[in-house]
């Protein structure tokens with residue numbers, strides 16, 4: 001096969017990949033126009049309602065992670081530090097235990113993870129500035145802390161983790177494949193890359209909370 005044919009073949013493959021990505025984006029826009037959504041806040045609150053809360057040398061509360069925060073059995077919203085949620089790869093529906101120590105420290109622990117599945121998608125940004133990963137014909141919100149850690153950029157391929165048996169609005173970031181490469185950035189890659197292309201997150205007042213592994 002001569003060079004001219006190889007060039008044409010490579011162009012055809014590139015055009016097919018571009019068309020597939022356009023179809024995925026179009027499907028997502030259609031879903032959003034038709035009102036397709038993940039598990040509602042009401043459903044997560046209902047799941048949290050049957051969990052426990054106790055006080056014994058500090059307050060212990062069990063709740064459900066909604067993608068950003070924990071919903072307690074009293075339907076109160078408890079902030080979960082983004083660095084902890086990102087490191088633990090928490091996803092919607094995970095059951096957490098929060099211990100509020102006598103000095104006011106928050107200590108989280110994951111005690112009831114939901115079944116998971118992984119998907120590969122592409123990082124994009126909507127008109128409001130929210131970063132999203134387009135995967136499987138849907139778009140998922142992701143924590144900025146995760147994208148910052150992996151030095152992700154628009155157009156990068158992202159491995160995400162989502163609930164296996166229910167739809168979700170949020171996903172956890174598992175790994176990043178930089179655009180134009182065939183290997184994932186990974187933890188070491190994130191540390192070795194240059195400046196972070198994403199804007200830095202504002203100071204988190206909860207960043208100094210004690211975190212349980």
Checklist outcome for this item: Here the residues within the range 135-146 that are surrounded by 19 or more Cβ atoms within 10 Å (Cβ to Cβ) and touching a strand residue (DSSP E or B) at 6+ places or on another chain (Cβ under 6 Å) are 135, 139, 140, 142, 146
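This table checks each residue for (1) closer than 18 Å to residue 176 by Cβ; (2) surrounded by fewer than 18 Cβ atoms within 10 Å (Cβ to Cβ).
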{"residue": "88", "(1), (2)": "yes, no"}
{"residue": "96", "(1), (2)": "no, no"}
{"residue": "105", "(1), (2)": "no, yes"}
{"residue": "112", "(1), (2)": "no, yes"}
Checklist entry - Only one of (1) at pLDDT 95 or above; (2) farther than 25 Å from residue 19 by Cα fails for residue 140. Which number is that? => result (2)
Checklist entry - Does residue 186 satisfy the criteria of being outside the structural domain of residue 96 (by TED's automatic domain parsing), at pLDDT below 95, surrounded by fewer than 17 Cβ atoms within 10 Å (Cβ to Cβ) and over 17 Å from residue 89 (Cβ atoms)? => result no
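The values are calculated or read from the model by the stated rules, or taken from the named source; none is laboratory data. Everything numeric here is computed off the predicted structure, so don't read it as measured data. Cβ: placed from backbone, ideal geometry, glycine included. Neighbour counts: every protein chain shown.
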